[in-house]
1. Report, in cubic angstrom per residue, the convex hull volume of the C-alpha atoms of segment 97-202.
2. Just the Kirkwood number for segment 133-193, please: inverse of mean 1/r across all distinct Cα pairs, in Å, one decimal.
3. So how do 27, 89 line up by other beta-carbon neighbours within 10 Å, fewest first?
4. Grab the Cα-Cα distance for residue 128 and residue 74, subtract it from 0.36 nm times how many residues apart they are, and report the gain in nm with one decimal.
5. Starting from the Cα-Cα distance between residue 48 and residue 118, subtract it from 0.36 nm times their residue separation and give me the gain in nm to one decimal.
6. When a footprinting reagent is the concern and you count Cβ atoms within 10 Å, what order do 116, 94 take, fewest first?
7. Assuming 0.36 nm per residue, please report the length gained on full extension of the stretch residue 6 to residue 158 beyond their Cα-Cα distance.
8. Sort 32-39, 154-161 by packing, meaning the average of other beta carbons within 10 Å per residue, with the highest value first.
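Throughout, read-outs are computed from the coordinates displayed, never taken from laboratory work. As the structure is a prediction and not an experimental result, all values here were calculated from the model. We place every Cβ from the backbone using ideal geometry, glycine too, and count neighbours over all the protein chains shown.
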């Protein structure tokens, strides 16, 4: 799908150039014809150059770059400010200050001064610590800085590209950008020099509708680049940006290194739940162990019963297993692993005592059982 249609260009008057007596011969290849003493620009070439500039701006912004919008003429001020604000990009609509790009360090100091003045409360004279005259002087300074540098308040570094309306009027911005090697995207009228611009768009730079249309196209390309930047961050899966002109900070590197380790640490946690549920199940057989070992406890009882049958005077010797029960309980306290055996030992004690009594009462029945 085309970025802009031929009908939109015609309705906006992008094809109208300057008078034939005001032209630059280098622009001859972009001129379609001459009518009523006015050059007509070839819109077929304009469409191709618009697509080329659109892709360049989109890729620049997608890789973390910024675009500075410049348009100080009356026809361009409103459109430049509106579109740049829409995509959160810096702009210049008042007089271009010399050195805004080549001497950005000094400009940055003035931006810091502007932010300091914005923090003052000019209505509270008593609490500000200044006199009325001092506050008035500072308010005038703030208004002047805001008028000239308000559009670049958030520009922390030199922009990656510059969008310029009317390169002849903004020749200072063109010279500074060329000196720093910053790519220039601009509207070229029939009186401009195409050699000064890296990504030219042949068109009318004097009509408000034409300037608004082309500036909106550039702003749309910036918006697409911002969406592409967010898409690249999500493509990695960990929120990192695939390509960026700026190096990562130390805290960002530590965050990226710690994120892959987080799932590995969290993996054993779900496994703890089955172990917790398995623990009661393992205890159930342990509780049933004394019942299962009850026959084993009866075995000493049978042996004790046989002992009095053979030798009645030795019956007190059958109390030895009962005496061993406290010792078995003590071992159960010292060794938790032997908890299963402790109930068995406890079972032996009560079983052994009644057996002694039965063995003492019926010693005569034992030969019959034998």
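1. On the way: hull volume 11.4 nm³, N = 106.
Value for segment 97-202: 107 Å³ per residue.
2. Working: mean 1/r = 0.0720 Å⁻¹.
It works out to 13.9 Å.
3. Working: 27 21, 89 24.
With the sparsest Cβ surroundings first, the list reads 27, 89.
4. Details: separation 54, 0.36 × 54 = 19.44 nm, distance 3.80 nm.
Full extension of this stretch gives 15.6 nm more.
5. On the way: separation 70, 0.36 × 70 = 25.20 nm, distance 4.49 nm.
Roughly 20.7 nm would be gained on extension.
6. Working: 116 11, 94 14.
So the ranking, lowest neighbour count to highest, is 116, 94.
7. Details: separation 152, 0.36 × 152 = 54.72 nm, distance 3.47 nm.
Stretched out fully, the residue 6 to residue 158 stretch lengthens by 51.2 nm.
8. Working: 32-39: 12.9, 154-161: 16.0.
Descending packing order for the listed peptides: 154-161, 32-39.
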